[in-house]
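Each reported figure results from applying straightforward, stated rules to the coordinates on display, with no laboratory input. The model shown is predicted, which means the values in this text are computed figures rather than measured ones. Heads up, the Cβs are rebuilt from the backbone with ideal geometry, glycines too, and the neighbour counts pull from every protein chain shown.
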Amino acid sequence: MNASGDELAPEVRAIVDAARERPGGDTRVSVDARSFPDAVEQTVADGRIPVIAEVKPTSPTTEGVRDDDPVELAREMVTGGATALSVLTEPDHFGGTTDSLRRIRDAVDVPVLRKDFVVREEQLDTVESDLVLLIARFVDEDLSDLVEAARERGFQPLVEVHTRDELVAALAAGADIVGINNRDLGRLDVDLGTFEALAPEVPDDVLLVAESGVKTTDDVRRMREAGADALLVGTAIMDGDVRQNTHTLSTPT
């Protein structure tokens, strides 16, 4: 599924264009992944909400840059109750690095998602992680082939969608972890109703993640009631005390 640049906000078009220029790794990776579904199940058994806390130095939709040591931020998030971590590796617009992901994954014992704009198979070989984000709208190859290529390396692919057509494509590609992004990457606006509209169409055996726009405990409850198995939260955790913010969202009262 290859998005036309004319449909995208300029910031997003620049990100995707840069992603298409980035090379892949020199050596095929082989990952011994920590199970994200098991981590979600254990979190629920412990009476908490599964939260994927995002280590995001900056982004086109946030102001300023957070320059704390990403490893320390990650440890604070885990201490606060994060089920998993999302680590940006996109360098040009999000301030991410593959080195940060490696260091974070070595420092924590929860699953780690590589969040980037992976558009073709060789870019999977850039760094090891437990999960890898595949954005249905932006992949340059057949989505089914890219999902299978990720699994062959040991990754757990999290396939991100925003529209019904993308969801149909993700399910047809065999995705068993799906993220519904409440942010329209064409216009960059956010609507939690996106998740609520699409979630009922996701089979029960697919692990469903709500992405973007979760800022408060009320938002957490809203997404959980709509069917979210887990929530990916970036700005609301990175803006302030990451340990306390993670704890608040994962244990709403």
Dividing the alpha-carbon radius of gyration of segment 103-253 by 2.2 N^0.38 Å, where N counts its residues, gives 1.03
The farthest towards the positive end of the charge dipole of the chain, of the residues V31, P57, T126, given +1 on Cβ of Lys and Arg and -1 on Cβ of Asp and Glu, is P57
Residue separation between E41 and V71 times 0.36 nm, minus their alpha-carbon distance, gives in nm 8.3 nm
Per-residue Cβ contact counts at 10 Å, fewest first, order S100, S30 as S30, S100
Each label sits 7 Å from Cα toward the beta-carbon; between A197 and A172 the label points are separated, in nm, by 2.0
Using alpha-carbon coordinates alone, the radius of gyration and Dmax of the chain in Å work out to 16.5, 48
In whole angstrom, the spacing between the Cα centers of segment 168-235 and segment 81-158 equals 18
To the nearest 0.05, the calculated FRET efficiency linking D218 and S30 through their beta-carbon distance, R0 being 51 Å, is 0.75
Length-normalised contact order of segment 1-158, Cα under 8 Å, at least 6 apart, in percent, tallies to 30
By Cβ neighbour count within 10 Å, fewest first, V132, V206, V168 rank V168, V206, V132
Projecting the Cα atoms of A173, A226, P157 onto the charge dipole of the chain, where Lys and Arg contribute +1 and Asp and Glu -1 at Cβ, the residue farthest towards the positive end is A226
